[in-house]
Amino acid sequence: MTSGASRLNQLMELAREGSPEARRDLLRQITDLFMAPSAQHSAATMQHFEAILSQLVGEAEPALRRETAERLADATAAPRGLINLLARDNIAVAEPVLKRSTALSEDDLIAVIALRNQGHINAIARRPEVPSTVSAAIVEHGAEAALISLAKNQGAQFSAPAMHAMVAKARKRPDLQTPMTGRYDLPPQLLTQLYFYVPSPLRKEILHRSDLLDPALVDVAMRANRHRLMEELAGEAPDTQEFITDAIRMNAVHETVLKRLIAENRRREFLFAFAHFIGVDLSTVQTILSDQSYEALAIACRDASVERPNFARFVMALRKNGGDEAKALRILDLYEKVPVEAAERIMRFWRMRTEAASGAARLARFIDDDDEPLTLTDGKR
């Protein structure tokens, strides 16, 4: 028997008797024995070690349990059962192991998250590395504090659905918007979704990020958008199909056509023609036209060099409330206030936004299921 094993057996004998003070000292001694730099324990010794430590930890006061958790949190070979026991303790005890212990498996962490104790979830969200399966569980069960911690954590990995869900949650949670904008693993398609509802300083950050996009990929995405648009056109009424198909074939999708369509209240044809004109997919153009601030429309028109009077016609035709003339004038001022360079940079993102475009550009696929669709039928919005 090794000296280490002999010493452990002696301590186990002491565990069967003694005062509370002696048992506290015993817990510290056994932890010291395990944590000794030269310690090498057999599997059988580890089982004994775990059994006695688990018993002592269960009987110890919170401060001593916390002390033990702090000491074992960085032990790579810490007994998994004991670490799980500490991880499910109250958060004052559990925090060190939840944040740092590599003895906890992904399944262990997910099981703790499923208990829905928000302090525990928040601690897990701040681990140096958070696997995508664990992030998904945090997104599902975590409250705002845990989601913010996860968004700030550059060591967190996200699956496509989890990243999509985080962006959707940021729409209603302003405190999530800054950390989500700062994530450089956020794909362009999802970054564009953020642009629609984040404050001005974050929009500037998104514009800066657009400089990182490869222009060649943007061109590929725009061609893919138009190809997908033609596929979606197949489900439209025959008159709409024929008009848009003929206009595209004759290279006649331009401002004059758009102005005529909006003047004649041919909303469905306008929707498809405008999407083709600016090079985005149907979902994106619906989002642009649904934006009642009309800033998105001003950006798209500015990039496409649409004349201000035609932008005005589009706005007036799309407005839900036509009575506020002062507001109408402010909307029209948007066109002049949107710098051409900024509009060009934003449109790079919007053209990269679709599932088809991202596939063509060899990027991860995302679809914005949370967009509110624009209903465009003749004579109605």
Filtered residues of the range 91-148 (kept if closer than 25 Å to Val167 by Cβ and basic (Lys, Arg)) = Arg116, Arg126, Arg127
Helices (runs of 4 or more DSSP H) contained entirely in the range 77-154, each with at least 2 residues that are of a type in the set (Val, Ile, Thr), more than 23 Å from the chain's Cα centre (by Cα) and assigned by TED's automatic domain parsing to the domain that holds Asp32 = 91-100
Of residues in the range 245-288 being crowded, with 20+ Cβ neighbours inside 10 Å and among the charged types (D, E, K, R), the one nearest to Ala224 (Cα to Cα) | Asp281
Of Leu213, Leu217, Leu150, which residue is surrounded by 14 or more Cβ atoms within 10 Å (Cβ to Cβ), touching a strand residue (DSSP E or B) at 6+ places or on another chain (Cβ under 6 Å), farther than 24 Å from Asp291 by Cα and not charged (D, E, K, R)?
-> Leu150
Just wondering, is there one or more residues in the range 355-362 that are in a helix (DSSP H, G or I), surrounded by fewer than 22 Cβ atoms within 10 Å (Cβ to Cβ), within 31 Å of the chain's Cα centre (by Cα) and at pLDDT 75 or above?
-> no
Scan (1) part of a helix (DSSP H, G or I); (2) within 21 Å of Val340 (Cα to Cα); (3) at pLDDT below 90 for the single condition Leu297 breaks and write down its number.
-> (3)
Taking Gln292, is it surrounded by fewer than 16 Cβ atoms within 10 Å (Cβ to Cβ), within 25 Å of Gln189 (Cβ to Cβ) and of a type outside the set (Asp, Glu)?
-> yes
Filter the range 61-85 for residues that are crowded, with 20+ Cβ neighbours inside 10 Å and in contact with a Lys or Arg (Cβ under 7 Å, 6 or more places away or on another chain) and give the result.
-> Ala73
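The values are calculated or read from the model by the stated rules, or taken from the named source; none is laboratory data. In this text, all values refer to a predicted model and were calculated from it rather than measured experimentally. With ideal geometry, Cβ positions are generated from the backbone for all residues, glycine too; neighbour counts draw on all protein chains shown.
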